[in-house]
Amino acid sequence: MSTVSSSNSSGDEPNKRPGVNSEESSHLLEATENGAKYGSRQAVKIIKTPVNDSANANDRPQDQENLLGKMVHTSTENRANTFPQYVAALAAAGGAFAAGTLLGWTSPAETEIVKDGTAYDFDVSSEQYSWVSSFMTLGAACVCIPIGFLINFIGRKWTMLLLVIPFVLGWALLIWAQSVIMMYIARFILGIAGGAFCVTAPMYTGEIAQKDIRGTLGSFFQLMITIGILFVYGIGAGLDVNKMSIVCGIIPIIFGVIFFFMPESPTYLVSKNRSESAVKSIQWLRGTEYDYRAELEELHQTDREIRQNKVNILAALARPVTIKALCISLGLMFFQQLSGINAVIFYSEAIFEDANTGISSSMSTILIGVMQVVATFVSTMVVDKLGRRILLLASGAVMALSTTAIGVYFYMKDKNAGSVENLGWLPVASLCIFMIMFSIGYGPVPWLMMGELFATDIKGFAGSIAGTTNWVLAFIVTKTFKNLNDALGSGGTFWLFAGVTVVGVIFVALAVPETKGKSLNEIQMELGGNRQPSTMQPANSEPK
């Protein structure tokens, strides 16, 4: 590190470089440190400016060099308070918890609704119940693109608060359903709320978090979904369907009360020319002692660039950087859904029964939920240390091996049931390993990266396309799984999923960039083929 200004220690007139004096040097040093931490391109650019008046630079006294050099190394770092960011991210993830309850509701409710027929005053067949389950994914698929416009119109915070209304309405219709059609409508509305959260919450978290903890905070979304699923499994073991639905309907109300006190995204506020509100938001998130100027300037600079190059949505989607980000995000969503996660969950109860573990079907689902929560929690701890790519590569490779092993078991069982009498441990172990690895990598990371890959001006719409793709694929896999199983057999179906997962590993290795520790601007530059240097050059060196 070196200085960016000099002065004469004698009584002579100070030697000055044009445009830089000793008072400015402290501001430049401060901006440089802030820029290095938060990805400010302007701060790095200042340091890279070469010194043209070499004579003055050579005349600087040595003691001034040492003094200012020491200032660079010993200046107080602009530390931000990360605790409020964790609070805001967890509050936003409360919506994911509510979404997790509606995802998990169908499993504990099935016995009482379909088999016993005691939940409602009308009968529900197995085929009708499959549509009750699937209508949630249709609702989620339909809302993802419209919610992208709403996010940019009223903001991230108020969008999530408004989603409390369809959540409560959906649960109310389900609680007091008078027909199967009413159940379809209820699940569709609930899907709208859940699908909208899957777009909005990761975007909000990605915009409020510092880059060094953004991965951890972004993983809270998937973690809270798994906790929501486990929660409804747990209460479903002790409550009837009606009481279980009432509890699930209260959760979004609690979320709304808590999230009301959270700040709006600074990125959104700057885009709406509300700089004063953006400062308050940054200081809420980083602490009042935090010097917000470098971060605010970066947000303004990004917003100016967007406004200067403002284009319509189709033109923005046609940008090479957006196309690349969209291909990566859609690819991750595709391989997430076609990894076999739905098939593994569908067969989980049969696998535990075949293994003669003595574990009931309700307890087996709870056990699976516990594994998902623990593994997703581990992912939140390591995603900013190990990185996104390594988690995706490791989880994909192990998941492919697990589904291959499960396929071998069911293939042997279909050929000769007696041949697998002593192999009950194989599918159980493979199932557990699969759920753990999915929850570490392919479960949370695609949603996390969806909030990181896109430029601000297209993030809402492009993220909505990715979310829609995910839910459409979930619907297709859920509804066609039985047909696929009839055509290929259980073993062949699992082998197909294993093959797709292997292709996914290759895709990640060749196409997915590492976003760990990078600001959102740095990610955009890398996707565009430019790598911003992370280290600062001495002022008297030539720019590289």
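The values are calculated or read from the model by the stated rules, or taken from the named source; none is laboratory data. Quantities reported herein were computed from a predicted structural model and do not represent experimental measurements. Note: ideal-geometry Cβ built from the backbone for every residue, glycine included; neighbour counts use all protein chains shown. Each accessible area value is taken on the protein alone, full model and side chains, heavy atoms only, with ligands, DNA and RNA left out. Shrake-Rupley method; radii C 1.70, N 1.55, O 1.52, S 1.80 Å.
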When you look at Ala405, is it in a helix (DSSP H, G or I), open to solvent by 10 Å² or more (accessible area, probe 1.4 Å) and without any contact (Cβ under 8 Å) to a residue 40 or more places away in the chain, yes or no?
yes
Answer yes or no as to whether Leu217 is within 18 Å of Phe97 (Cα to Cα), open to solvent by 50 Å² or more (accessible area, probe 1.4 Å) and outside the structural domain of Val383 (by the TED database).
no
Look through Lys280, Lys324 and report the one residue that is at pLDDT 85 or above, open to solvent by 30 Å² or more (accessible area, probe 1.4 Å) and within 26 Å of Ile523 (Cβ to Cβ).
Lys324
If you go through the stretch 513-522 one residue at a time, do you hit one that is more than 30 Å from Leu296 (Cα to Cα), in the same structural domain as Ala316 (by the TED database) and open to solvent by 40 Å² or more (accessible area, probe 1.4 Å)?
no
For the stretch 75-90, check the following and say yes or no: at least one residue is at pLDDT below 90, open to solvent by 30 Å² or more (accessible area, probe 1.4 Å) and not polar (S, T, N, Q).
yes
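Could you tell me which of the residues Gly528, Gly460, Gly504 is closer than 27 Å to Arg319 by Cβ, at pLDDT below 85 and open to solvent by less than 40 Å² (accessible area, probe 1.4 Å)? Spell out how you get there, then give the answer.
Working: Gly528 fails: open to solvent by less than 40 Å² (accessible area, probe 1.4 Å); Gly504 fails: at pLDDT below 85.
Just one listed residue meets the conditions, Gly460.
Could we say that Lys211 is basic (Lys, Arg) and part of a helix (DSSP H, G or I) here?
No; evaluated as a whole, the condition is false for this residue.
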So Pro252, is it crowded, with 21+ Cβ neighbours inside 10 Å, out of contact with any strand residue (DSSP E or B) (no Cβ under 9 Å at 6 or more places or on another chain) and farther than 20 Å from Met224 by Cα:
no
Looking at Val344 and the list (1) within 20 Å of Lys459 (Cβ to Cβ); (2) assigned by the TED database to the domain that holds Glu514; (3) buried (at least 17 other Cβ atoms within 10 Å of the Cβ), which single condition is not satisfied?
(1)
List pairs: first residue in the stretch 152-172 and closer than 16 Å to Phe260 by Cα and in the same structural domain as Phe197 (by the TED database), second residue open to solvent by 30 Å² or more (accessible area, probe 1.4 Å) and in a helix (DSSP H, G or I) anywhere in the structure, Cβ distance under 7 angstrom, at least six positions apart or on different chains.
Thr159/Leu150; Val164/Ile253
Cβ-Cβ below 7 Å, separation at least six or inter-chain, first residue in the stretch 485-512 and polar (S, T, N, Q), second surrounded by fewer than 19 Cβ atoms within 10 Å (Cβ to Cβ): which pairs?
Ser490/Asp414; Thr493/Leu484; Thr493/Asn485
Give the residue that is modelled with the lowest pLDDT, with candidates limited to residues of the stretch 138-157 that are more than 25 Å from Tyr184 (Cα to Cα) and touching a Lys or Arg at 6+ places or on another chain (Cβ under 9 Å).
Asn152
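State all residues of the stretch 393-416 that are among the aliphatic types (A, V, I, L, M) and either more than 13 Å from Gly491 (Cα to Cα) or not assigned by the TED database to the domain that holds Ile506 (or both); if no residue qualifies, say none.
Initially, the stretch 393-416 is screened for residues among the aliphatic types (A, V, I, L, M), giving 393-394, 397-401, 405-406, 408, 412.
Selection gives Leu393, Ala394, Ala397, Val398, Met399, Ala400, Leu401.
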